[in-house]
Protein chains: 2
Amino acid sequence: MAEKLGDNIVLVGRKEIMSYVLAVVTQFNAGEKDVIIKARGKAISRAVDIAEIVKRRFVQNLNTGDIVIGTEEIQGDEGPVKVSTIEITLAKQG
Amino acid sequence: MAEKLGDNIVLVGRKEIMSYVLAVVTQFNAGEKDVIIKARGKAISRAVDIAEIVKRRFVQNLNTGDIVIGTEEIQGDEGPVKVSTIEITLAKQG
């Protein structure tokens with residue numbers, strides 16, 4: 001199962017993409033009105049793929065809500081490095 | 001120079017990232033109030049990096065404006081394939 005940080009947050013890592021799609025769909029099926037997909041670095045492209053796949057193929061009447069980008073400092077092998085981040089909110093209509 | 005589609009649109013491809021950063025900075029220095037960074041597929045992560053680098057290091061008083069994600073169908077070697085897209089608007093304050 002994909003890592004979950006809170007009831008409605010899915011953090012995208014290196015597992016196969018459908019694992020995260022399933023995690024998001026499961027949240028909505030459990031009654032969540034909003035699910036936030038978070039990623040950083042190269043996983044950002046995958047986060048967008050996941051949001052689009054959920055919207056197009058699995059959950060009806062979803063809107064893309066806020067999309068927030070930013071920068072985080074993480075500890076690399078040779079000291080701190082900056083990585084970009086994204087948070088995509090998917091929201092049920094009505 | 002990075003590919004430009006309109007006066008204030010920068011399309012992210014496979015060139016080195018600073019090439020696109022420079023393209024965006026050049027637009028703002030030429031007086032543009034908004035610059036749109038567009039990317040698809042794996043270049044989406046790079047588009048976020050470019051927006052963050054421009055904001056943090058090169059242009060003062062920039063806001064991240066609208067961020068729009070979507071899906072496009074492109075012609076692959078074995079027929080049409082769907083790719084995710086992003087458009088990030090950077091906007092000068094005031």
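Scanning the range A:3-26 for residues that are assigned to a strand (DSSP E or B) and touching a Lys or Arg at 6+ places or on another chain (Cβ under 8 Å) gives A:Leu5, A:Ile9, A:Val10, A:Leu11. Output the residue which, of all residues in the range B:51-73 that are assigned to a helix (DSSP H, G or I) and open to solvent by less than 70 Å² (accessible area, probe 1.4 Å), is farthest from the other protein chains (Cβ to nearest Cβ). Ranking the qualifying residues of the range B:51-73, first place goes to B:Val54. Screening B:Val83, B:Val12, B:Val24, B:Val48 for residues that are open to solvent by less than 40 Å² (accessible area, probe 1.4 Å), modelled with pLDDT of 95 or more and farther than 30 Å from A:Arg57 by Cα leaves exactly one candidate, B:Val24. In the set (1) buried (at least 17 other Cβ atoms within 10 Å of the Cβ); (2) under 19 Å from B:Asp49 (Cβ atoms), A:Lys42 fails one condition alone, (1).
Taking the criterion of being touching a Lys or Arg at 6+ places or on another chain (Cβ under 7 Å) and surrounded by fewer than 24 Cβ atoms within 10 Å (Cβ to Cβ), the residues of the range A:27-39 that qualify are A:Phe28, A:Lys33. Looking at (1) out of contact with any helix residue (DSSP H, G or I) (no Cβ under 8 Å at 6 or more places or on another chain); (2) farther than 20 Å from A:Glu52 by Cα, which is the one condition that is false for B:Asp7? For B:Asp7, the failing item is (1).
The values are calculated or read from the model by the stated rules, or taken from the named source; none is laboratory data. As the structure is a computational prediction, the values presented were derived from the model and not from experiment. All Cβ positions, even for glycine, are placed from backbone atoms using ideal geometry, and neighbour counts span all protein chains on display. Ligands, DNA and RNA are stripped out before the accessible areas are found, and what is left, the full protein with its side chains, is counted by its heavy atoms. Shrake-Rupley method; radii C 1.70, N 1.55, O 1.52, S 1.80 Å.
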